[in-house]
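The values are calculated or read from the model by the stated rules, or taken from the named source; none is laboratory data. Note that this is a predicted model, so its numbers are computed, not measured. Methodologically, a virtual Cβ is constructed for each residue, glycine included, from the backbone with ideal geometry; neighbour enumeration extends over all protein chains shown. The area values use the complete protein model at the heavy-atom level, side chains included, leaving out ligands, DNA and RNA. Shrake-Rupley method; radii C 1.70, N 1.55, O 1.52, S 1.80 Å.
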Amino acid sequence: MSEWLAVIEDWLMDYGVLGLLIVSFTDSAFSPIIPEVMLIPMGIASPDKVWLYAFYTTVASILGALLGWYIGKKLGRPILLRFIKADKIDKVEYYFERYGAMAILIAAFTPVPYKVFTIFSGISKIKIRTLVFWSILGRGGRFFLEAAIIAALGVRAKPFIEENFTLITLGIGGLAVIAFIIYRLILTRKKTA
């Protein structure tokens with residue numbers, strides 16, 4: 001499978017921005033290929049365009065999230081069960097119950113498969129504007145952070161991102177969860193006061 005994915009990635013690279021848009025869109029709905037396989041090399045090759053590439057990646061990813069939402073709304077849980085183990089779906093459901101729509105932000109920013117959350121947001125009947133809002137924050141944050149690393153490090157960005165990005169995104173995702181919990185506690189106290 002990895003050889004097959006590598007062939008597709010190479011083929012899409014020949015299409016430049018169009019390939020980046022396709023990968024970014026499909027990643028949010030059903031594809032196993034993540035946008036970074038194109039965003040990072042394209043950004044390193046053209047550092048003057050890295051911010052524009054991050055923007056394209058974010059927009060296409062959000063549009064793909066809408067497709068994921070639609071798939072979830074129309075096809076429901078059975079579609080996820082065809083591709084993902086039930087325990088993983090239960091975990092996603094737990095995140096939605098615990099953190100509400102902010103689970104989308106966590107998935108959008110961290111290395112968690114985003115498509116599972118976009119499809120589940122449709123199953124859960126999350127409002128489209130909620131999905132778009134948290135996707136802009138999460139996906140935009142992720143891709144623009146990568147663009148900033150590329151702008152700062154140039155060719156050294158690729159090994160840096162490969163070695164550290166999971167840790168960085170998980171750390172920032174953890175901080176976002178803590179901030180959300182504090183926010184919810186403040187709201188709860190205001191309602192009871």
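Given a cut-off of 20 Å, name the pairs among K127/K191; K88/K115; K74/K125; K125/K190; K74/K127 whose C-alpha atoms lie farther apart than that in the structure shown.
K127/K191; K125/K190
About the Cα centre, and with charges only on the beta carbon of Lys, Arg (+1) and Asp, Glu (-1), how big is the dipole of the chain? Nearest 20 debye, please.
For the chain, the charge dipole is close to 1280 debye.
Give the calculated FRET efficiency between L187 and D10 to the nearest 0.05, with a Förster radius of 45 Å applied to their Cβ-Cβ distance.
It comes to 0.35.
If you plug each phi of segment 50-67 into the Karplus form 6.51 cos²θ - 1.76 cosθ + 1.60 with θ = phi - 60°, what whole-Hz ³J(HN,Hα) values come out, in order, with x for Gly and Pro?
Result, ordered by residue: 4, 5, 5, 4, 5, 5, 4, 4, 5, 4, 5, 5, 5, 5, x, 4, 5, 5 Hz.
Return the whole-Å distance between the Cα centroid of segment 118-140 and the Cα centroid of segment 43-112.
8 Å
Based on alpha-carbon positions alone, could you give the equivalent ellipsoid semi-axes of segment 16-98 from the gyration tensor, as √(5λ), descending, whole Å?
Its equivalent ellipsoid spans semi-axes of 30, 12, 11 Å.
What list of ³J(HN,Hα) couplings, whole Hz, do you get for segment 122-133 from phi and the Karplus terms 6.51, -1.76, 1.60, once you set θ to phi - 60° and write x for glycine and proline?
My calculation for segment 122-133 gives x, 4, 7, 6, 5, 5, 4, 5, 5, 4, 5, 4 Hz in order.
Tell me which of P47, A179, L105 sits at the most positive position along the dipole axis of the chain, charges placed on C-beta atoms (Lys, Arg +1; Asp, Glu -1).
It is A179.
So how far apart, in nm, are the two label points at V132 and E97 if each is 7 Å from Cα heading toward Cβ?
About 3.1 nm separates the two model spin labels.
For a quick check: with amide H placed at 1.01 Å from N, whose amide H comes under 5 Å from I33's, ignoring anything fewer than 5 positions away on the same chain?
Here the answer is none, since no amide H 5 or more places off falls under 5 Å of that of I33.
Give me Rg over Rh for segment 72-174, both radii from the alpha carbons and Rh done the Kirkwood way, two decimal places.
That ratio equals 1.04.
Relative contact order for segment 66-193 using alpha-carbon pairs under 8 Å, separation at least 6, rounded to a whole percent?
29 percent
In Å², what does the accessible area per residue of segment 36-193 work out to with a 1.4 Å probe?
In whole numbers, segment 36-193 has 55 Å² accessible per residue.
Round to a whole number: what % of the accessible area of segment 56-181 belongs to carbon and sulfur, probe 1.4 Å?
That share works out to 67 percent.
Percent of alpha carbon pairs in the chain separated by more than 27 Å?
Distances greater than 27 Å cover 30 percent of the Cα pairs.
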